[in-house]
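Quick notes on the structure that follows.
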Amino acid sequence: MTAMNDLNSLKKQSRIAALLYFINCLPAPFALLYVPSVLIVRGDAAATASNIRDSETLLRLGMAVELFSSTVVIFAMLAFYHLFKRVSQKHAMAMMILMLISVPISYLNVLNDLAALTLARGPAFLSAVFDKAQLDAFVLFFLRLHNQGIILAQIFWGLWLFPFGIAVIRSGFIPRFVGIATMIAGSGYVISSSVSLFLPASAQGIGHLAMILGIGELAFLWLLIWGVKEPPPNPDPAVA
């Protein structure tokens, strides 16, 4: 009876953690892909600034989504830590810390959007020093800086998946393929970000190809739907 209660508890914990992670991930494409695609006109600062003035609500909604996702992920990491600390305290702590490093980066990165919004309005105290073309150029600059901040945070979105994957493989109550798939996804994030930051000329080739590996994150669906399986009898303890 106790074993059954433990299994049900593990299933509940894993589903809560996976659900929180999906709540964090689902709105992200809106803020990180859709909003920039609507507002930013590549190489045209004036048109970009005009789009922001005309669609201020859209930009603010994108900012709100980013802050929401960054907040939810804190609770997701705490839930995953609670799930895996009995498997390996070391790996559970590592995955939580690595992901949580991205949170202040994401929070502070929203300031770049706020700066772009402020500059697009052309406040009087800035207009006295900069002309409209200069202010528009600053708008595009801060939006591009925001994109670089996302790329930086993305490194940690990938790194945490390695200790997570190891913890999954060692757990005995989650199929090994989930851990392997998530580590492949982590590789995609890290490769894509590294190429974008350090080899920008190759970003559209290698970087985009690496992001395909991110499909491995769909393995989280297993946790969300099935939770965990009954661990094998007398599993080897893993308390590293």
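The values are calculated or read from the model by the stated rules, or taken from the named source; none is laboratory data. Note that the structure is a prediction, hence the values are computed from the model and not measured. Cβ atoms come from the backbone with ideal geometry, glycine included; neighbour counts cover every protein chain shown. Each accessible area value is taken on the protein alone, full model and side chains, heavy atoms only, with ligands, DNA and RNA left out. Shrake-Rupley method; radii C 1.70, N 1.55, O 1.52, S 1.80 Å.
Within the range 39-53, does at least one residue satisfy the condition of being open to solvent by less than 30 Å² (accessible area, probe 1.4 Å) and of a type in the set (Val, Ile, Thr)? Yes, the range 39-53 contains a residue that is open to solvent by less than 30 Å² (accessible area, probe 1.4 Å) and of a type in the set (Val, Ile, Thr).
On the phi < 0 side of the Ramachandran plot and either among the basic types (Lys, Arg) or more than 19 Å from the chain's Cα centre (by Cα) (or both) - does that describe any residue in the range 97-115? Within the range 97-115, one or more residues are on the phi < 0 side of the Ramachandran plot and either among the basic types (Lys, Arg) or more than 19 Å from the chain's Cα centre (by Cα) (or both). For the range 127-181, a tally of residues being without any contact (Cβ under 8 Å) to a residue 12 or more places away in the chain and polar (S, T, N, Q) returns 2.
Against the criterion of being out of contact with any Asp or Glu (no Cβ under 8 Å at 6 or more places or on another chain), at pLDDT below 95, surrounded by fewer than 19 Cβ atoms within 10 Å (Cβ to Cβ) and among the β-branched types (Val, Ile, Thr), Ile174 does not qualify. Can you name every residue in the range 54-66 that is more than 27 Å from Lys132 (Cα to Cα) and crowded, with 16+ Cβ neighbours inside 10 Å? Correct list: Val65, Glu66.
Does Ala124 qualify as being open to solvent by 60 Å² or more (accessible area, probe 1.4 Å), free of Cβ contacts under 8 Å to residues at least 60 places away in the same chain and among the aliphatic types (A, V, I, L, M)? Yes, satisfied.
Per the listing Leu83, Leu98, the residue uniquely modelled with pLDDT under 95, in a helix (DSSP H, G or I) and open to solvent by less than 60 Å² (accessible area, probe 1.4 Å) is Leu83. Close contacts from the range 75-87, counting a first residue that is within 13 Å of Ser14 (Cα to Cα) and in contact (Cβ under 8 Å) with a residue 40 or more places away in the chain and a second that is among the aromatic types (Phe, Trp, Tyr) and surrounded by fewer than 15 Cβ atoms within 10 Å (Cβ to Cβ), with Cβ to Cβ under 9 Å and a gap of 6+ residues or different chains, come to none at all. In the range 86-95, the qualifying residues are those that are part of a helix (DSSP H, G or I) and out of contact with any Pro (no Cβ under 6 Å at 6 or more places or on another chain), and the one that is surrounded by the most Cβ atoms within 10 Å (Cβ to Cβ) is Ala92. Selection of the range 102-121 for residues being of a type in the set (A, V, I, L, M), touching a residue at least 40 places away in the same chain (Cβ under 8 Å) and surrounded by 16 or more Cβ atoms within 10 Å (Cβ to Cβ) yields Ile105, Val110, Ala116, Leu117, Leu119, Ala120.
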